[in-house]
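Each remark here refers to the structure printed beneath this line.
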Amino acid sequence: MIYTCTLNPSIDYVVELDSIQLGDLNRAKRTEQYPGGKGINVSRVLKRLGVENTALGFIGGFTGEFIREELSKELVHHDFVKANGTTRINVKLKSGDETEINGQGPTIETEQINALLQKVEAMNEGDIFVLAGSLPASVPADFYKTLAAAARARGVKIVADTSGPALKEIIEEKLFLIKPNHHELGELFETTITSKEESIAYAKRLVESGTENVIVSMAGAGALLITNHKILYANAPKGTVKNSVGAGDSTIGGFLAAYTQGKALEECFRYGVASGSATAFSSDLCTKEEVEKLLPEITITQV
Ligand SMILES: Nc1ncnc2c1ncn2[C@@H]1O[C@H](COP(=O)(O)OP(=O)(O)OP(=O)(O)O)[C@@H](O)[C@H]1O
Ligand SMILES: O=P(O)(O)OC[C@@]1(O)O[C@H](CO)[C@@H](O)[C@@H]1O
C-alpha cells in the first residue's frame, strides 16, 4: 500500500483575475476550490493513474470536512487524525503571474501526534510512505524524521517532498526518493544553484549519504534523476502553463505510479515528468489521459 501524509492540508482556493490592485476592491473572473496539501495531491494523482493509496494527516473543521468529502467522491482512501482546529485555506491568485498565500493551519495536540504515529506503526514491509508539505507550527520540527524512522524500522520505503529545516532533518533517514526543485536543493546546501551541473553535484551528495533516487525538478527546464548508478535528464514538454500548483506533487505521483506497476527506472522518471507537466498544463491535477499523451514528447538522456 502507498500511504501519503499531509501534516498541514489545505483547501486551495484558486482566484483568477485580470489584474490585482492592492488596497482596492478586486473582482474574480473565476474561483475554484480543491482539496490541497502536497501529500493529498500525490494521493489524488496516484488514484487518477490507477494506484490505490491512503491519505493520512491531520484534518479539522468545515474545511477538513470538505477535503474528506472531495477525496471520498474521487474514491481516494483516507484515514486522517481529527485536529481540534480548522484546516487552513490557501489562496492561489492567478492574474498572469501566480501568487500564493498559504495559511498557518490548526494547532496539533500531543495525543493527535501519537494517533498518527500509531497508524505508521501499523504499516507493513513493502509499503511506501510519502511525507509531503510543510509542518504546522505546533508540531516538533523533527516530526517527519520521527515518522520516517518509525516507518523505516518496519521495512517501509520513504519518499519526502518538503523544504527548509524539515528537509534537512528527514534526509538523515535513508530515503527511497526525494524531489527537491533546484531552489530547494540549493537551500539545503546553503547555496544558489544556477546550472544542471551544480544540481547534479549537490544531488550526488544526497545519494552518497544514502538517498536512493533524487529527482531535481527545474520547472520548464526539465528534470534530473540522480541515483548511485545513473544520471538522467528529461526535457519538459512544451505547452501553455495554466497552473503550476501541484506540478511537483504530480511528478512524485507519476513516478510512484509507474514504479508500483513494475516499470523500469527510466520509464518511472518519464512518467513522473509527464505527470508534472500535464498538471502544469491543466487547471486541476493531471488525468491519466493527459499524462499518457505527453509521454512521447519526453526524451530521457544519460548525462
Ligand atoms: N513551464 C513548465 N512547462 C512544462 N512543464 C512544467 C513547467 N513547470 C513545471 N512543469 C512540470 O512540473 C514538474 C515540477 O515542476 P517544478 O520544478 O516547478 O516543481 P515544484 O517547484 O516542486 O512544483 P510546485 O511546488 O509548483 O508543485 C517539472 O519537472 C515539469 O515536469
Ligand atoms: O504550505 P506547504 O505545505 O508547503 O504547501 C501547501 C501547498 O502550497 O502545496 C500544494 C502544492 O504543492 C498545494 O496544494 C498547497 O496549497
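Restricting attention to region 215-229 and to residues that are open to solvent by 10 Å² or more (accessible area, probe 1.4 Å) and over 24 Å from residue 51 (Cβ atoms), the residue that is nearest to ligand 2 (Cβ to nearest atom) turns out to be 219. Every listed requirement among (1) more than 16 Å from ligand 1 (Cβ to nearest atom); (2) open to solvent by less than 10 Å² (accessible area, probe 1.4 Å); (3) out of contact with any Pro (no Cβ under 8 Å at 6 or more places or on another chain) is met by residue 58 save one, (3). In region 10-46, of all residues being touching a residue at least 60 places away in the same chain (Cβ under 8 Å) and of a type in the set (D, E, K, R), the one that is surrounded by the fewest Cβ atoms within 10 Å (Cβ to Cβ) corresponds to 18. Annotation for region 142-158: no member residue is within 16 Å of ligand 1 (Cβ to nearest atom), out of contact with any strand residue (DSSP E or B) (no Cβ under 6 Å at 6 or more places or on another chain) and hydroxyl-bearing (Ser, Thr, Tyr).
Can you confirm whether residue 61 is at positive phi and touching a Phe, Trp or Tyr at 6+ places or on another chain (Cβ under 7 Å)? Against the criterion (at positive phi and touching a Phe, Trp or Tyr at 6+ places or on another chain (Cβ under 7 Å)), residue 61 does not qualify. Summed over region 78-96, residues that are under 13 Å from residue 116 (Cα atoms), open to solvent by 30 Å² or more (accessible area, probe 1.4 Å) and of a type in the set (Val, Ile, Thr) total 0.
When region 282-303 is examined, which residues are found to be assigned to a loop (DSSP other than H, G, I, E, B) and among the hydrophobic types (A, V, I, L, M, F, W, C)?
Quick first cut of region 282-303, residues assigned to a loop (DSSP other than H, G, I, E, B) only: 282-287, 298-299, 303.
Residues satisfying the conditions are 285, 286, 298, 303.
For region 115-126, the count of residues that are crowded, with 16+ Cβ neighbours inside 10 Å and either more than 29 Å from residue 155 (Cβ to Cβ) or outside the structural domain of residue 162 (by TED's automatic domain parsing) (or both) is zero. For region 201-255, the set of residues classified as among the basic types (Lys, Arg) and in a helix (DSSP H, G or I) consists of 204, 205, listed by residue number. Among the conditions (1) within 26 Å of residue 127 (Cβ to Cβ); (2) open to solvent by less than 40 Å² (accessible area, probe 1.4 Å); (3) not assigned by TED's automatic domain parsing to the domain that holds residue 3, the only one that residue 167 does not satisfy is (3). In this structure, does residue 263 turn out to be open to solvent by 10 Å² or more (accessible area, probe 1.4 Å), modelled with pLDDT of 95 or more and not in a helix (DSSP H, G or I)? Here the answer is yes, as residue 263 does meet what is asked. In the set (1) outside the structural domain of residue 3 (by TED's automatic domain parsing); (2) at pLDDT below 95; (3) within 15 Å of ligand 2 (Cβ to nearest atom), residue 253 fails one condition alone, (2). You will find that of 7, 49, the residue that is within 16 Å of ligand 1 (Cβ to nearest atom), closer than 21 Å to residue 159 by Cβ and touching a residue at least 24 places away in the same chain (Cβ under 8 Å) is 49 and no other. Each residue in region 129-138 was checked for being more than 16 Å from ligand 1 (Cβ to nearest atom) and open to solvent by 10 Å² or more (accessible area, probe 1.4 Å), and 3 of them qualify. For region 122-140, a residue qualifies if it is farther than 17 Å from residue 161 by Cβ and touching a helix residue (DSSP H, G or I) at 6+ places or on another chain (Cβ under 6 Å), and exactly one does: 123.
Is one or more of the residues making up region 92-101 away from ligand 2 (no atom under 16 Å from the Cβ) and out of contact with any Asp or Glu (no Cβ under 9 Å at 6 or more places or on another chain)? Scanning region 92-101, I find no residue that is away from ligand 2 (no atom under 16 Å from the Cβ) and out of contact with any Asp or Glu (no Cβ under 9 Å at 6 or more places or on another chain), so the answer is no. Being open to solvent by 50 Å² or more (accessible area, probe 1.4 Å) and of a type in the set (S, T, N, Q), is that true of even one residue in region 147-162? Checked region 147-162: no residue is open to solvent by 50 Å² or more (accessible area, probe 1.4 Å) and of a type in the set (S, T, N, Q).
The values are calculated or read from the model by the stated rules, or taken from the named source; none is laboratory data. Since we're looking at a predicted model, the values are computed, not measured. Reconstructed Cβ throughout: ideal geometry from the backbone, glycine too, with neighbour counts over all protein chains shown. For accessibility, only protein heavy atoms count, side chains too; no ligands or nucleic acids. Shrake-Rupley method; radii C 1.70, N 1.55, O 1.52, S 1.80 Å.
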